[in-house]
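First the structure, which I've put down as structure tokens, then a few questions once you've had a look.
Just so it is clear, none of the values below were taken in a lab; they were calculated from the coordinates. What you see is a predicted model; the values in this text were computed from it and never measured. Cβ placement follows ideal geometry from the backbone for every residue including glycine, while neighbour counts extend to all protein chains displayed.
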């Protein structure tokens, strides 16, 4: 509920330029996860971005993750990021910088941020998406996202979200694999594999 309020508030800041960017639903062997991204422009150089990821496992246990970002354009694809994050029942302020570059079929985005609370940690997020043409409106869809968190104790966690499928106009579908590694000697023992459906706006 709180993450939904953040999403609504972020969009309300930019009533003219606000829009949903994409939505994805993945059903895996361990849980089901949604992923909603939305953005909007306040001025030519100031914008907002929100992301909401609800998850529920097959025992009915829910969890949520959400962010609300205020972005200041620095030029050449770079933005300064002021972020409020909602995860694990905590509200965490963060600050950092992001970079985005895209062509007709390729997009890469990266964010480096640092927590501004009493237990700060560094996080890097990289998302790569490649959608080459196959035939007319049909495209191959390949996407990978990596999130790594580091603290004074070393490696806290890393997450990889891999997608491979097809995209027809704005709809995508295919196979998905989510991986999680924790600790300074991570392994790939925690994983969720299944299928996904996505929609771009």
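Would you order 65, 188 from fewest to most other beta-carbon atoms within 10 Å of each residue's own beta-carbon?
Numbers: 65 16, 188 11.
By the 10 Å Cβ count, ascending, the order reads 188, 65.
Once you order the gyration tensor axes a ≥ b ≥ c over the Cα atoms, which shape class does the stretch 119-201 get: rounded for a/c under 1.5, otherwise prolate or oblate by comparing a/b with b/c? Don't skip to the answer; put the middle values down first.
Values: a/c = 3.53, a/b = 2.34, b/c = 1.51.
Judged from the Cα gyration tensor, the stretch 119-201 comes out prolate (a/c at least 1.5, a/b above b/c).
How would 123, 145 line up from fewest to most surrounding beta-carbon atoms within 10 angstrom? Don't skip to the answer; put the middle values down first.
Values: 123 20, 145 17.
Lowest count first: 145, 123.
With each run of n ≥ 4 DSSP H residues scored as -39500 (n - 2.57), what mean residue ellipticity at 222 nm is computed for the chain after dividing by its residue count and rounding to the nearest 500 deg cm²/dmol?
Details: 1 runs with 11 residues, N = 201.
Using -39500 (n - 2.57) per qualifying helix, the result is -1500 deg cm²/dmol.
Specify which labelled value, from (i) 17.9; (ii) 19.0; (iii) 19.5, agrees with Kirkwood radius over Cα pairs in Å derived from the coordinates of the model shown.
(i)
At 7 Å along Cα-to-Cβ for each site, give me the label-to-label distance between residue 103 and residue 136 in nm.
So the two model labels end up 2.6 nm from each other.
So for the stretch 2-200, averaging the separation of alpha carbon pairs under 8 Å that are six or more residues apart and normalising by length, what relative contact order in percent results?
On the way: 533 pairs, mean separation 28.5, N = 199.
Once divided by the residue count of the stretch 2-200, the mean separation gives 14 percent.
Now for a different question. So which residue, out of 63, 158, 39, gets the largest mean-square fluctuation from a GNM of the chain using Cα contacts under 10 Å as springs?
Highest fluctuation of the listed residues: 63.
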